Amino acid sequence: MAVRRALHFVFKVGDRTKTATFYRDVLGMKILRHEEFEEGCKATCNGPYDGKWSKTMVGFGPEDDHFVAELTYNYGVGEYRLGNDFLGLTLQSSQAVSNAKRLNWPLTQVEDSLYMTEAPGGYRFYLIDKEQPVCDPVQKVSLAVSDLQRSVHYWSALLGMKVIEKNEDKKFAVMGFSDNQCKLELQDIGGAVDHGTAFGRIAFACPRDQLPDIEALMKKEKQKILNPLVSLDTPGKATVEVVILADPDGHEICFVGDEAFRQLSAVDPKGNELLDEAMAADKSDEWFAKHNKQKASA
């Protein structure tokens, strides 16, 4: 099997300005690209919404060899309810720790050289206070599961991840497609997984010709397919094909054809400028304030 690779995690954001400050000024990530859409994504990339939305990709480097964050912003939705599904994203950067302290961004020391902070919306990030590596600083994404054995079987036997570390006593497993990629950590929480309305999505790339095989295997194993294989068009850019799955606890998983995605995910040098322009043009907060209304809570 050709190597599959981890791409990004999708976060729904209600306050784009504060969120941009966190990723750019606290974490030190760069805006890789920014896109505006007039209607919802047919693969529900922005959640179950039909209106105007935007997608901003942020990371420490190109998505070809870095795990990044996809920030989806639905105009008119001010906040989302967190569940217990997303447990955190861990990255190594003493610079991020210094930035947080300098900007008075709340930090909680978890242990020696490890801090916890939150992005706007309550998403947890764990910062390892060590020099940022030359390769990708993002080390792992941690998700809650209700049955560790069942989840490990799903991700390894069905999706092809290898188990890198497993601890039955502490009820966690660390998995990945290769040693030099961002890892997936599964933590058994001993109960049901609640995705709230902020539920995210983790994305992986694979050769395009593997997509039908993934879909067929899920059908054979009677696993959930949220969106059957579909093509997504982005005006002026590559058309990509994706299939959207859900693991036994309902975590959304996107597999995208690697060849076209590498074209689509190329860094846009105007990304930062486009995001700033979009935020400046977004008068929704002013409109709601003027009419003495509040944005919707999802």
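The values are calculated or read from the model by the stated rules, or taken from the named source; none is laboratory data. A quick note: this is a predicted structure, and the numbers were derived from the prediction, not measured. Please note: Cβ atoms are built from the backbone with ideal geometry, for glycine as well, and neighbour counts cover all protein chains shown. Side chains included, ligands, DNA and RNA excluded: accessible areas come from the protein's heavy atoms. Shrake-Rupley method; radii C 1.70, N 1.55, O 1.52, S 1.80 Å.
Go through region 43-69 and count every residue that is part of a strand (DSSP E or B) and open to solvent by 10 Å² or more (accessible area, probe 1.4 Å).
Summing the residues that are part of a strand (DSSP E or B) and open to solvent by 10 Å² or more (accessible area, probe 1.4 Å) in region 43-69 gives 1.
Among (1) in contact (Cβ under 8 Å) with a residue 40 or more places away in the chain; (2) closer than 29 Å to VAL97 by Cα; (3) assigned to a strand (DSSP E or B); (4) open to solvent by less than 20 Å² (accessible area, probe 1.4 Å), where does ALA205 come up short?
Failing condition for ALA205: (2).
When you scan region 130-187, how many residues do you find that are assigned to a strand (DSSP E or B) and either among the hydrophobic types (A, V, I, L, M, F, W, C) or free of Cβ contacts under 8 Å to residues at least 12 places away in the same chain (or both)?
15
Filter region 84-97 down to residues that are open to solvent by less than 30 Å² (accessible area, probe 1.4 Å), among the aliphatic types (A, V, I, L, M) and touching a residue at least 40 places away in the same chain (Cβ under 8 Å) and give me whichever is farthest from VAL141 (Cα to Cα).
ALA96
From (1) in contact with a Phe, Trp or Tyr (Cβ under 8 Å, 6 or more places away or on another chain); (2) assigned to a loop (DSSP other than H, G, I, E, B); (3) not hydroxyl-bearing (Ser, Thr, Tyr), pick out the condition that doesn't hold for CYS254.
With (1) in contact with a Phe, Trp or Tyr (Cβ under 8 Å, 6 or more places away or on another chain); (2) assigned to a loop (DSSP other than H, G, I, E, B); (3) not hydroxyl-bearing (Ser, Thr, Tyr) applied to CYS254, the lone miss is (2).
Six or more apart or on different chains, Cβ under 8 Å: which pairs go from a residue in region 98-121 that's in a strand (DSSP E or B) to one that's among the basic types (Lys, Arg) and open to solvent by 70 Å² or more (accessible area, probe 1.4 Å)? Could you list them?
Close Cβ pairs (under 8 Å, with a partner that is among the basic types (Lys, Arg) and open to solvent by 70 Å² or more (accessible area, probe 1.4 Å)) amount to MET116/ARG124; THR117/ARG124; GLU118/ARG124.
Taking only region 210-248 into account, find how many residues are charged (D, E, K, R), free of Cβ contacts under 8 Å to residues at least 24 places away in the same chain and closer than 23 Å to ALA266 by Cβ.
Total satisfying the criteria: 1.
Please go through (1) at pLDDT 95 or above; (2) under 24 Å from PHE60 (Cβ atoms) for VAL163 and return the number of the only condition it doesn't satisfy.
Against the list (1) at pLDDT 95 or above; (2) under 24 Å from PHE60 (Cβ atoms), VAL163 comes up short only on (2).
Residue by residue through region 169-197, note down the ones that are touching a helix residue (DSSP H, G or I) at 6+ places or on another chain (Cβ under 8 Å) and either aliphatic (A, V, I, L, M) or exposed (fewer than 13 other Cβ atoms within 10 Å of the Cβ) (or both).
ALA173, MET175, LEU184, LEU186
Any residue at all in region 208-228 that is closer than 28 Å to GLU79 by Cα, open to solvent by less than 20 Å² (accessible area, probe 1.4 Å) and not aliphatic (A, V, I, L, M)?
There is no residue in region 208-228 that is closer than 28 Å to GLU79 by Cα, open to solvent by less than 20 Å² (accessible area, probe 1.4 Å) and not aliphatic (A, V, I, L, M).
For region 39-57: of the residues being small (Gly, Ala, Ser) and within 16 Å of the chain's Cα centre (by Cα), which is nearest to TYR75 (Cα to Cα)?
SER54
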